[in-house]
Amino acid sequence: MTEYTADVVVLGGGSGGYAAALRLAELGKDVVVVEKDKVGGTCLHRGCIPTKALLHAGEVADAARGAADIGVDVTFGGIDPARVRAYREGIVAKKFKGLEGLITARGIRVVAGEGRLEAGPAVRVGDDVYRGTDVVLATGSYSRSLPGLEIGGRVLTSEQALDLDVIPERVVVLGGGVIGVEFASVWRSFGVEVTIVEALPHLLPAEDVSSSKALERAFRKRGIAFQLGRRFTSLSSDDHTVTVVLDDGSELTADYVLVAVGRGPATAGLGYEEAGVVLERGFVQTDARLRTAAAHVWAVGDIVPGLQLAHRGFQQGIFVAEEIAGLSPVLVPDVDVPRVAYSHPEVASVGLTEAQAQDRYGSEAIRAYEYNLAGNGRSEIIGTSGIVKIVRRVDGPVVGAHLVGDRVGELISEAQLAVGWEAHPEDIAPFVHAHPTQSEALGEAFLALAGKPLHAL
């Protein structure tokens, strides 16, 4: 056995792990990252980046189909899965090379192998032990399944769906959360018949009900079918098809089934509990400063209960790095972290839903305004419909923002500032939004809540 030392050992090189490592190195710490696969983790290699590349390919396909409507003669010849895959993998490869360059430039040591936490704190990789003054746990998440549902063959998780080398004719998606609606969207853009099955009453059930309903209207218009309030009960398959049976006895037959029922924390078998870390349903329990129950052991990213988003992992990684360095940073609460589903149309939000705000402050203390993108010139030009909904406290600050429409994910940062800085609509209304832009829709909503609507009643 060989023992190595460092200021900090990071177990896991995904979004939260490498963010912590980069910031620690900036602060003069000697850092070791232990990663069993590739630095960048799920987001870069099997999640955020490759799926958004697919969604862009779908956007181009939809644009080609509709080009004649705006006077552009384009012939749509179909989807070439091999070339789409090459495009997607090329983007991932460039981002991976860039990340590797950053890590090398900052002098961070990367150890390849599966690590296991030990008391001390330390991380064991095979016969070697990497001991740090502090250890940061950042082992990420995995695709969940359902009881009685075995992954394999024609039953896919998002990772296997990315690797499909064919365009199916029919797909059933189990789960109407972010992963489910994104894959449903891209497959529909590729010409696939898609049915989503969601056990709760709405698609994207964690979002404001206005956003969910707007997405459902858009999906109906696109020909994406969905069954809400229905649960999977059983599945059978043969060489060519798979059949899903729902709790009402109905059956859905397709070429493939995508299981998109969320992600679980990757913490099993890694020595966490043996080293003193407390787990609950697999998630690492921490205090408000992301410290675990084990001394000098921290946790970030998807293994910490809450939003499972790459940018939340970035924030937590940077926070822990600065906490270790004694800088007393501020941690943004999950409710103020922006959320985006990159479907067609996109759904973006930050802060409280209207219902959550009413529960917290009382229904009489909350006012909401919903601006329809039909009144926005830029949205009309690019051919999208949707809404901008702002939730405020009466005579008080903005507490939530909810957007539906193509490209609205690019608008959520302004809304995040409004919510995070507890701005009043009256504070924002005097500021000018460029015309014609989609950001004007936010401006119109703030103007209306400030009592002086422009292109709205």
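Would you work out the Kirkwood radius for the stretch 223-266? I mean one over the mean of 1/r across all pairs of different Cα atoms, in Å.
Roughly 12.0 Å, rounded to one decimal.
Roughly what % of Cα-Cα distances in the chain sit above 28 Å, to the whole percent?
When all Cα pairs of the chain are counted, 57 percent exceed 28 Å.
Whole angstrom only: what separates the Cα centroid of the stretch 103-158 from the Cα centroid of the stretch 206-226?
36
Can you give the Rg to Rh ratio for the stretch 277-409, taking only C-alpha atoms and Rh from Kirkwood?
We get a ratio of 1.08 for the stretch 277-409.
Cα centroid distance between the stretch 282-360 and the stretch 1-53, in Å?
One Cα centre to the other: 17 Å.
Restricting to bridges with both residues inside the chain, how much of the DSSP beta-bridge set is antiparallel, in percent to the nearest 5?
So the antiparallel bridges in the chain amount to around 55 percent.
How high is the FRET efficiency between A64 and T2 when r is their beta carbon distance and R₀ equals 56 Å, given to the nearest 0.05?
For A64 and T2, the calculated efficiency is 0.45.
Would you calculate the volume per residue, in Å³, of the smallest convex hull containing every Cα atom of the stretch 151-203?
About 78 Å³ per residue, rounded to a whole number.
Would you calculate the separation in nanometres between label points at E280 and V72, each defined as 7 Å from the Cα along the Cα-to-beta-carbon direction?
So the label points at E280 and V72 sit 5.2 nm apart.
So for the stretch 345-449, averaging the separation of alpha carbon pairs under 8 Å that are six or more residues apart and normalising by length, what relative contact order in percent results?
It comes to 32 percent, rounded to a whole number.
Evaluate Rg over Rh across the stretch 345-449, taking Cα atoms for both radii and Kirkwood's formula for Rh.
0.96
When the chain is fully extended, how far beyond the present Cα-Cα distance does L307 get from A112, taking 0.36 nm per residue of separation?
67.4 nm
Measuring from the lowest to the highest alpha carbon on each principal axis, how far does the stretch 281-346 reach, largest first, in angstroms?
Largest to smallest, the principal-axis extents are 45, 30, 15 Å.
Please list log₁₀ I(q)/I(0) at q = 0.11, 0.12, 0.19, 0.23 Å⁻¹ for the stretch 155-261, using the Debye equation with identical point scatterers on the alpha-carbon positions.
-0.30, -0.36, -0.92, -1.33
So if I place +1 on the C-beta of Lys and Arg and -1 on the C-beta of Asp and Glu, and nothing else carries charge, what would the dipole magnitude of the chain be about its Cα centre? I want it in debye, nearest 20.
360
Work out how much length V166 to R289 would gain on full extension: take 0.36 nm times their residue separation and subtract the Cα-Cα distance, in nm to one decimal.
Length gained between V166 and R289: 39.7 nm.
Can you give the alpha-carbon Rg of the stretch 4-85 over 2.2 N^0.38 Å, where N counts its residues?
1.77
Coordinate-derived values only; no laboratory data. Since this is a predicted model, take the numbers as computed values, not measurements. Every residue, glycine as well, gets a Cβ built from its backbone with ideal geometry; the counts of neighbours run over all protein chains shown.
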